[in-house]
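To start, the structure under review is shown below, and the notes come after it.
The values are calculated or read from the model by the stated rules, or taken from the named source; none is laboratory data. Just so it is clear, the model here is predicted, and its values are computed rather than measured. Note: ideal-geometry Cβ built from the backbone for every residue, glycine included; neighbour counts use all protein chains shown. Please note that ligands, DNA and RNA were not included when accessible areas were found on the heavy atoms of the full protein model with its side chains. Shrake-Rupley method; radii C 1.70, N 1.55, O 1.52, S 1.80 Å.
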Amino acid sequence: MDFIAILRIAIRALTRNKMRSLLTMLGIVIGVGAVIATVGLGQGAQEQVQRQIASMGTDLLFISSGSVNKGGVRLGGGATKTLIYDDMKAIVQQVPTAALAAPSSGASGLIVADNQNWSTRITGTEPQYFDIRNWSFDRGVNFTQDDVTRAANVVVLGATVQQNLFGRADSTGKTVRIGNLPFLVVGVLQAKGQSGMGQDQDDGVFVPITTLQKKITGQDWLQNIMVSATSQEASYAAQAQITSLLRDRHRIRPGQDDDFSVRNLADVAQLADESSKVMTLLLASIAGVSLIVGGIGIMNIMLVSVTERTREIGIRIAIGATESDVLRQFLSESVVLSLTGGVMGILFGIAASITITKVLGWSILIAPIAVGAAVVFSMAVGIFFGFYPARKAAMLDPIEALRFE
Amino acid sequence: MATLVQNELNADVMMKPERPANGSAVIQVQDVHKSYDLGETKVHALRGVDMKIEPGEFVAIMGSSGSGKSTFMNILGCLDKPTSGKYILEGTDVSSLDKKQLAAIRNRKLGFVFQGFNLLSRTTALENVELPTLYAQTEKSMRQARSKEVLELVGLGDRMGHFPSQLSGGQQQRVAIARALVNKPAILLADEPTGNLDSRTSVEIMQIFQDLNDSGLTIVLVTHEPDIAQFAKRTVVFRDGKIRHDDPVSNHPRAAEVLKSMPTVDED
Ligand SMILES: Nc1ncnc2c1ncn2[C@@H]1O[C@H](COP(=O)(O)OP(=O)(O)OP(=O)(O)O)[C@@H](O)[C@H]1O
Ligand SMILES: [Mg+2]
C-alpha cells in the first residue's frame, strides 16, 4: 500500500475517536512543550549570564582571602586575615600584566535617609574600582583618592539603593546615615542589573576602603582585591604571576596550600556556563521523562485500538494485507499521534518560553536544534511505543480475528 | 462481463507450475488432515479430504454443523494450513509459499465472501470494495474505476457512498461480493454467503453467482440449504471431516427463472 493511502487510513482512524486521540497526544504535547521551554529558557539564561560576565569584563581577576580547593569550594574563606592593602600595591607595581587593582571589602548595614531606610551591602574600595568594573555614574561624581586618604564619610549609591531611598529625586549632596555616622552622597551609579550569579549588583553602596575599615568593620585586612589584566589573554598570565607573588609575600612554603585564591573571570564565565548547561540538561531530561510517559500512553491506546479492531484486522488480512501492511498501518497511526503531539508541543513550548522570557525580561531563544530534536524524538517515541501494538496486530491469526466479536 | 472476471493469472510470475502434466485443475487437495490440539483432547476437523476442482466449476459444499466445511474453506482460502496433506492451487503447492506470497494469493487469486459480510463499518461501500486494490498496489486512477465497475455489476451502482449500516443484508452481501471480485480472482470462495439472508435475497445472490460462473469464474460455496446448493453444478457433502458424497447436479435450475416464480416479500 502506498504511503499516502496508509496516512489517509491512519488519520481517518484517529479522527474517528477525536477526544481519545487528543488525550493520548497530551502526554507528548506536555513532554515536548516542557523540553522546548526548558531548553529555550536554559539557553536564554545562559546567554544572559554570558552577557553579564562579558559586561563585567573577562579580563578581570578576583583575589579573595582564604583558600579555594580545586572544586571551587571555599575552605575557610575570610578566615585568614593575611590579605592586606600592601599586597594590592605590590601587585600593581610588580605584576606587568596587571593594569589596575582595587581593594574591596564588604559589610552589610542599614542605610537611613530621612524617614526611609534600606538594608544593603556596603563595599569599601578605591576610586579606580568603577573603572575596573566599567561602571559609570548616573549622577554626581566618584569619591577621590583624597577621600580615601582622609577616610572621608562619602558614599556612592547603587541604583537600587537610590530608588529605594530617594526614588527619582536627586540624592547627591544629601546626607544618609550608615550606622550612626552621617555620609555625604557624592554620586549615584548607573543600573547594572543582575550579576551572573543572580545577585542584584545595584543593591549596594560604596565608601572609601579606609572609611569602611576604620569606622565600620574595624578590619585592617582586605576581603578581596579586584585586578584588571592588560588584556583577556594576559589574564591567565596575571593569575599565575599574582599567585606566585602572593605566595612569596605570605611566605607560603612549596607544598603548602594558598591562604588566598585568585579567580579569573574567564574561568568564572566558563563555570557559570557549565552549571547553567548542567541545569538545562537536568530540567530537559526531567521533561524528557514525561515524553516517555506520553509514549506509554500511546502504546496503551494503540493496544486498546488493536483489540477493538481485531475484526477489521482479520478482514484486511483475509483480503490480502501482508504482515508489513498491517504493521505499517498501526505504526503510522502511532507516529501520526506522536508527531502531531510533538508539533503541538513545540507550539506550546514556544508560547510558554515567550511568555516566561517576557516576564523575566530575557531575550527569547528558541533553539532550532531543540525543535528539530523534538520532532525526531516524538517520531521515535511513536515508532518505539507503537511497534509492539502494531506487531501484535500484524501477527494476528486471520481466522481467529474474523471470529472475534 | 466475461472480460471482467477473466482469469489473469498466467501473467503472475510468482506461481511456478509444479507439475505441468497434471491436467488443468485449479484446486487439487490430496489427503488433507486438520486437527486442533486442545491440550487433553485433539479435535480432528478434517480426516483425509481429496478433491479436485476444474476451472469454471461451481461447487456447493454441504454437511452438518461441525463437519469441517469452514475448516476446509479456510484452507482453500490460504487463511489456514493443513496439518498434513497437500493443497495445490493452480499447480503450486501452497505449503511452499511464504506469508507474503500467501497474502498475494488471497489478494489476487482468491475472492472471499463470508456469512457475516465482514465489511468495514464507517467506511463507504465504494471504499470497502476498493480495499483489496490498495493492497494490490493498483494504480490510483484504476482503483476507483474498477471498484465502481464491480459495484455496478452486483447492482449497487446507486449505493456507492452508503455505509454498511445504511444497507440491507442483501446489499451488504453484494458489496462483499464486489469486494471479492475487484482484483479479478480466479476462484470465489463463499462460506455460507446466504446464511443471514431471507430466501428471496438468497436466490438473488445465487443469481449473481451463476452469472459470474457463466463468465468463467470458479466458485466454491458452503451452504446448509439444499435449495441453495441446487444452483451449483456439483455438490459435495462432508461428514466428520471426510467427503461422503460428491455428485454433479443434473439440470440445476437458473436462479433468474426461480426468482420469477418466487413471491416478492411484499406479497407475503
Ligand atoms: N480453532 C479451533 N480450535 C479447536 N477446534 C476447532 C477450531 N476450529 C474448528 N474446530 C473444530 O473443528 C470442527 C469443524 O469445524 P468447522 O468450523 O469446520 O465446522 P463447519 O462444518 O463449518 O460447521 P458449521 O456448519 O456450524 O459452520 C468442529 O468440531 C470445531 O469444533
Ligand atoms: Mg462453518
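Scanning the range B:171-202 for residues that are open to solvent by 10 Å² or more (accessible area, probe 1.4 Å), free of Cβ contacts under 8 Å to residues at least 60 places away in the same chain and in contact with an Asp or Glu (Cβ under 9 Å, 6 or more places away or on another chain) returns B:Arg174, B:Leu197. Is it the case, given these coordinates, that B:Val154 is within 17 Å of the chain's Cα centre (by Cα) and either within 16 Å of ligand 2 (Cβ to nearest atom) or open to solvent by 10 Å² or more (accessible area, probe 1.4 Å) (or both)? No; evaluated as a whole, the condition is false for this residue. Would you mind stating whether B:Gly77 is touching a Leu at 6+ places or on another chain (Cβ under 6 Å) and either without any contact (Cβ under 8 Å) to a residue 12 or more places away in the chain or at the interface with another protein chain (Cβ under 8 Å from one of its Cβ atoms) (or both)? Yes; evaluated as a whole, the condition is true for this residue. For the range B:80-115, the set of residues classified as among the hydroxyl-bearing types (Ser, Thr, Tyr) and within 13 Å of the chain's Cα centre (by Cα) is empty.
This table checks each residue for (1) within 14 Å of chain B (Cβ to nearest Cβ); (2) among the aliphatic types (A, V, I, L, M).
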{"residue": "A:Leu360", "(1), (2)": "no, yes"}
{"residue": "A:Leu365", "(1), (2)": "no, yes"}
{"residue": "A:Pro368", "(1), (2)": "no, no"}
{"residue": "A:Ala373", "(1), (2)": "no, yes"}
{"residue": "A:Phe385", "(1), (2)": "no, no"}
{"residue": "A:Ala390", "(1), (2)": "no, yes"}
{"residue": "A:Asp397", "(1), (2)": "yes, no"}
{"residue": "A:Ala401", "(1), (2)": "yes, yes"}
{"residue": "A:Phe404", "(1), (2)": "yes, no"}
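The set of residues in the range B:216-230 being crowded, with 17+ Cβ neighbours inside 10 Å and either away from ligand 2 (no atom under 16 Å from the Cβ) or free of Cβ contacts under 8 Å to residues at least 12 places away in the same chain (or both) consists of B:Leu217, B:Thr218, B:Ile219, B:Gln230. With respect to (1) under 19 Å from A:Val92 (Cβ atoms); (2) in contact (Cβ under 8 Å) with a residue 60 or more places away in the chain; (3) part of a helix (DSSP H, G or I), the lone exception for A:Ser231 is condition (3). Only a single criterion out of (1) within 14 Å of another protein chain (Cβ to nearest Cβ); (2) within 16 Å of ligand 2 (Cβ to nearest atom) is not satisfied by B:Leu97, namely (2). When B:Thr83 is tested against (1) away from ligand 2 (no atom under 16 Å from the Cβ); (2) within 10 Å of chain A (Cβ to nearest Cβ); (3) of a type in the set (Ser, Thr, Tyr), only condition (2) is not met.
When the residues of the range A:1-36 are narrowed to those that are in contact with a Phe, Trp or Tyr (Cβ under 9 Å, 6 or more places away or on another chain), open to solvent by less than 10 Å² (accessible area, probe 1.4 Å) and among the hydrophobic types (A, V, I, L, M, F, W, C), which ends up nearest to the other protein chains (Cβ to nearest Cβ)? Taking the candidates together, the pick is A:Ala10.
Residue under question is B:Leu76, and the condition is that it be closer than 25 Å to A:Asp325 by Cβ and more than 13 Å from ligand 1 (Cβ to nearest atom); does it hold? In short, no. If you go through the range A:306-337 and keep only what is hydroxyl-bearing (Ser, Thr, Tyr), part of a helix (DSSP H, G or I) and within 14 Å of chain B (Cβ to nearest Cβ), you end up with A:Thr310, A:Ser324, A:Ser332. Can you spot a residue in the range B:232-249 that is open to solvent by 10 Å² or more (accessible area, probe 1.4 Å), assigned to a loop (DSSP other than H, G, I, E, B) and among the β-branched types (Val, Ile, Thr)? So far as the range B:232-249 goes, yes, one or more of its residues are open to solvent by 10 Å² or more (accessible area, probe 1.4 Å), assigned to a loop (DSSP other than H, G, I, E, B) and among the β-branched types (Val, Ile, Thr).
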